[in-house]
Each structure stands twice: as structure tokens, then as C-alpha cells.
Amino acid sequence: MFLEYKAFSRLKNDPKWIHLSQAKQKKASSKLKKARKSRRRLGARQYKNYSNEMLEIAVDLVRKKQISAREAARQFAIPKQTILNNINKSHTKSVGCPTRLSDEEAKFVKVSISAGEFGCPL
């Protein structure tokens, strides 16, 4: 048993053994770092924690002047500016560059949709 311990201690102090164990540690730590990057930081900004129905209810109440925009924002946990933007119809476009189809492509889409509804495969 003492010989095994002595052999292990020699192996442990061997530079090849140290290099191998450091490589394993680096791989393990890199896996941990990758997993940590994908998680959201504590207190990070949360996006859209409300449903569209709740937004519509809040907008209707503010339009009818039953409550103020600030009060609706507090009650429904929706940002005040989101409610005001929805009332004023600003920022209603979708995000990104709009897709543009040529006339031929638009006709092809129309024909393929009508053929699909008719039951004729193309």
C-alpha cells in the first residue's frame, strides 16, 4: 500500500500528469463558462411580461378616460409609454426591413395559394 501511494505521489508530481490534469480543468471550466453566458443576469431587463389582451384593456380604459396612463401602467404592469404609443398609433410597424416581392412573385404566391385551396398540387 505504501508503494502504491509513493508511485502515485511520483505520478502526481510528474509534469505530464500536471499538464493533463490542467487540460481537464480548462475543459471543465470552459463548459461552465459557456453555460453561464447563456443565462440572463439577475436584474436584467425583462421584455414584454404582459399579454396583448391586457394591453388592449389598458388602452381602452385610458381612451375612455376612466383611468390615467400612469395608473394603467401601475395596475397592469405595462410600461406607460407602451400604452401611450398604442393610443397614438405610433411605433406600430413590424421590426426589420419589410419583405418585397416582385409582381411575378406576388402572382406566383397568389396562384399557389388558390391552387392549394382548390386541392391541386403544383
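Determine the gain in length on full extension of the stretch residue 46-residue 99; use 0.36 nm per residue of separation and subtract their C-alpha separation, reporting nm with one decimal.
On the way: separation 53, 0.36 × 53 = 19.08 nm, distance 2.86 nm.
Gain on extension, residue 46 to residue 99, equals 16.2 nm.
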Study note, to complete from the structure: Phi-derived 3J(HN,Hα) across region 72-87 with the Karplus relation (6.51, -1.76, 1.60, θ = phi - 60°), rounded Hz, x for Gly and Pro, is 5, 4, 6, 5, 9, 6, 10, x, 4, 5, 5, 5, 5, 4, 5, 5
Revision key, fill the gap. For region 102-116, Karplus-derived ³J(HN,Hα) couplings (6.51, -1.76, 1.60; θ = phi - 60°; whole Hz; x for glycine and proline) come out as 6, 4, 5, 5, 5, 5, 4, 5, 4, 5, 5, 5, 5, 5, x
Check your understanding: So what is log10(I(q)/I(0)) for region 56-122 at q = 0.26, 0.27 1/Å, when the Debye sum runs over its Cα atoms only?
Key -> -1.07, -1.10
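None of the figures in this text is laboratory data; all of them are computed from the coordinates on show. Predicted, not measured: the structure shown is a model, and the values here were computed from it.
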